[in-house]
Amino acid sequence: MKPWRTTIAVLALLIVITVNAQTDPHNWKVGDMITFTDAAAVTPPAYAIPPGTPGFPDGLFFGTMFEGVTNYKYTHQAVYTGNDSFLGADGIGGVYVTSKEFMLSRVIGEPIISRFNVYSIVPPWFPRCLANMLRHVIIDRWIDKGMESLGQPYDVGIDGRSFLLGNNAKYCSELLWQSFKDAWGVELSAPVPAGALNYAAWTFILTPLGVQPEQGIITLEGLVKSRFFEIVSQPVDPDGC
C-alpha cells in the first residue's frame, strides 16, 4: 500500500475511534454482559404472578422469587449485541432484544459490566491482534446462538416445571449460559443444584412451580465470577450511555 493511502487509512480509523468514544463513553463491546444488582430493577408490576393464582401469595414477583433462591445478590443479566441493543430474557416478554437506552433505564442499583476474556482460553503470550480476532469469532457465534431463542417464553411453569435446563424456555442467566454452550460446547459456569441454594425458604413457591432440589440452576453470580469474564466497569452511569 502506498504511504499516502496508509496515512488516510490510519486517519480514518482514528476518526472512527474518536466518534465511538464520544457517542459511547463506556466503550461497550459486543459480548459485554450487564448484571443488575438491585431487586427493584427487575420487579415492575408486569412481573407479578396474577393475584389469586393457587399456591402463590398475591404480589409475588418472578424476580424476587428467583433471586430469593439465589440469596438476592444479583437480579438480571443480558448481553450487548451491538447496534445499541441487548439480548436477554425476563418475565415480561421471554427472550427479547431491546435498546441500550431502555435496558439502562431499568438500572436502579449498581450494574456490573463483564467482558469476555479471550486470554482465559489462550496463553498470555498469544498475539493480541490474533486474540482479538478470536474473541470476535467466539462472541459472534455466541450471540447468533442466543438469537435463535428469540420468542421463547420465560422459564416458569412450562409443562409443570420451572428454571429447567434444556427446554424451549429461558431465564436470563440460562439464556447466556445455554447459548454459549450450544455455540462452543463449553459451560461458562457450573450449574448449581437448587437444593444447595436458599431452596428450603422458598419451597412454598418452588414446589408448585415444579422446581426440584436436584435440578441445576445457572446462577447470575456464577456467570459474574466465571473465569471467562473480567469486570470492566462497576458501576456504569446510565445517564452517560
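Values quoted throughout were computed directly from the atomic coordinates according to the rules given, and no laboratory measurement underlies them. Computed from a predicted structure; not experimentally measured. Don't worry about glycine lacking a Cβ; one is built from the backbone with ideal geometry, like all the others, and counts go over all protein chains shown.
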Can you run phi through the Karplus equation (6.51, -1.76, 1.60; θ = phi - 60°) for region 132-144 and list ³J(HN,Hα) in whole Hz, with x for Gly and Pro? 5, 4, 5, 4, 4, 4, 4, 5, 4, 5, 4, 5, 4
Taking θ as phi - 60°, what are the ³J(HN,Hα) couplings along region 167-176 by the Karplus curve (6.51, -1.76, 1.60), each to the nearest whole Hz, with x for Gly and Pro? 9, 8, 8, 9, 9, 4, 5, 4, 4, 5
Chymotrypsin sites (Phe, Trp or Tyr not before Pro) restricted to DSSP loop in region 198-235 with at most 15 other C-beta within 10 Å: none
Whose amide H sits under 5 Å from the amide H of GLY82, counting only residues 5 or more places off or on another chain, with H placed in the peptide plane? GLY31
Which of the lysines could a cross-linker bridge to LYS225, judged by Cα under 25 Å and excluding same-chain residues fewer than eight apart? LYS29, LYS73, LYS100, LYS145, LYS170, LYS181
Distant-in-sequence amide H partners of SER233 (H built 1.01 Å from N, under 5 Å): ILE113
For THR219, residues with placed amide H under 5 Å, excluding near neighbours: VAL192
Using a/c under 1.5 as the rounded threshold, could you call region 145-232 rounded, prolate or oblate? The axes a ≥ b ≥ c are square roots of the C-alpha gyration tensor eigenvalues, and prolate needs a/b larger than b/c, oblate otherwise. oblate
Note, ³J(HN,Hα) from phi for region 215-224, Karplus 6.51, -1.76, 1.60, rounded to Hz, x at Gly and Pro: 6, x, 10, 8, 7, 5, 4, x, 6, 4
Segments 74-86, 158-170 sorted - mean Cβ within 10 Å per residue, highest first: 74-86, 158-170
